[in-house]
Amino acid sequence: MNNLFKSICVFALTMGFTINSFAQDSIRTPLALGKIEPYRMEVTYDKTSHLIFPTAIRYVDLGSEYLIAGKAEDAENVLRIKASVRDFEQETNFSVITNDGRFYNFNVYYSSYPEALSYDLHTMQKAVGKANGNDVLFEELGNNSPSLAGLLLETIHKKDKRIVKHIGAKSFGIQFILKGIYIHNGKYYFHTELRNSTNVPFGIDFINFKVVDKKVAKRTVVQEHALTPLRTYKPLDEISGKTTEQNVFLLDQFTTSDDKVLLIEIFEKNGGRHQTLQVENSDLIQARLINDMHLKF
């Protein structure tokens, strides 16, 4: 019994020492190791400052009532900000999260004569390197890094390879083709191309992705399943005459049954030159796996 009691005491002392050491190490570990360095910025009362971000602004939080801010109209990636009171003395701050998952933090000071009123964060990001950024995970992307998803969209667009050669539509001088279907970490990347061989610009009203029954002559809401792209490489409003544009769409992974088909539809604004692509389930399950694409940071 004495030996057992001694063993229990030694074990308890050892565990206590280990837990205490871990707690002390946690206390001693500086939170500054994970610090996101803020940018320094000056604002004034009589003039508005503008910040241009690489992608659309998703979230803005102001540190105090000394600041007022808002997204510029019809420009999702431009933030305007100014002082709401004159000559405030205290430092304040604001934070921004953009659609590519980047988190930005700014320390703000009042100045009657700011050094600059316009800032291009895209130029700054190129100068310091994208790899120095940080990622915020969004619910719709699951465990996919927004910056990695953005790089995959960009890489597919720049490589511009046609790996699917049998899916396309052509009429009224407009050709719409599916160049490739890629898959990575539970997400599809659809690479499309739209060519306008006429002199009349093709204004894009909207693009649809939906799963429908193959043999339904008159479709109803119940018989259609709309799919919403999570990301698009770039916005396209118009294809000028005699030009070709391509785009890449990111969607959640899915498959269809043999009696259903995916339709990718593009509609012309104030026109009737609509185009429709039909994608079979056999095309979806043959999507090219992205494992070792050469990404440019």
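The values are calculated or read from the model by the stated rules, or taken from the named source; none is laboratory data. Not measured: the values here are computed from a predicted model. Cβ sites come from the backbone with ideal geometry, for glycine too, and all protein chains shown count toward neighbours. Protein only, heavy atoms only, side chains kept; ligands, DNA and RNA dropped before computing areas. Shrake-Rupley method; radii C 1.70, N 1.55, O 1.52, S 1.80 Å.
Taking every protein chain into account, the accessible area of the stretch 245-287 amounts to 45 square angstrom per residue (probe 1.4 Å). Label-to-label distance, LYS210 versus LEU148, with points set 7 angstrom from Cα along the beta-carbon direction: 3.4 nm. Relative protection proxy for 154-165, 111-122, from highest mean packing down: 154-165, 111-122 (other beta-carbon atoms within 10 angstrom).
What the stretch 68-113 shows is 53 Å² of accessible area per residue, with the surface traced by a 1.4 Å probe over protein heavy atoms. Given their separation in residues at 0.36 nm each and the Cα-Cα distance between them, TYR113 and ASP74 gain 11.2 nm when the chain is fully extended.
A full extension of the chain between HIS225 and HIS274 corresponds to an added length of 15.7 nm, given 0.36 nm per residue minus the alpha carbon distance. Given R₀ = 35 Å, what would the calculated FRET efficiency be for SER282 paired with ALA56, taking r from the Cβ atoms and rounding to 0.05? Using R0 = 35 Å, I get an efficiency of 0.50. Solvent-accessible surface of the stretch 164-215, averaged per residue with a 1.4 angstrom probe and all protein chains in place: 44 square angstrom.
The charge dipole of the stretch 143-182, taken about its Cα centre with unit charges on the Cβ of Lys, Arg, Asp and Glu (plus for the first two, minus for the last two), comes to roughly 220 debye. The length gained by stretching the chain between SER240 and PHE103 to full extension, at 0.36 nm per residue less their Cα-Cα distance, is 45.7 nm.
Take the Cα of ARG86, go 7 Å toward its beta carbon, and the backbone nitrogen atoms of the stretch 103-120 under 12 Å from that spot belong to 112. With the simple spin-label model, which puts each label point 7 Å out from Cα in the Cβ direction, the SER64 to LYS159 separation comes to 5.0 nm.
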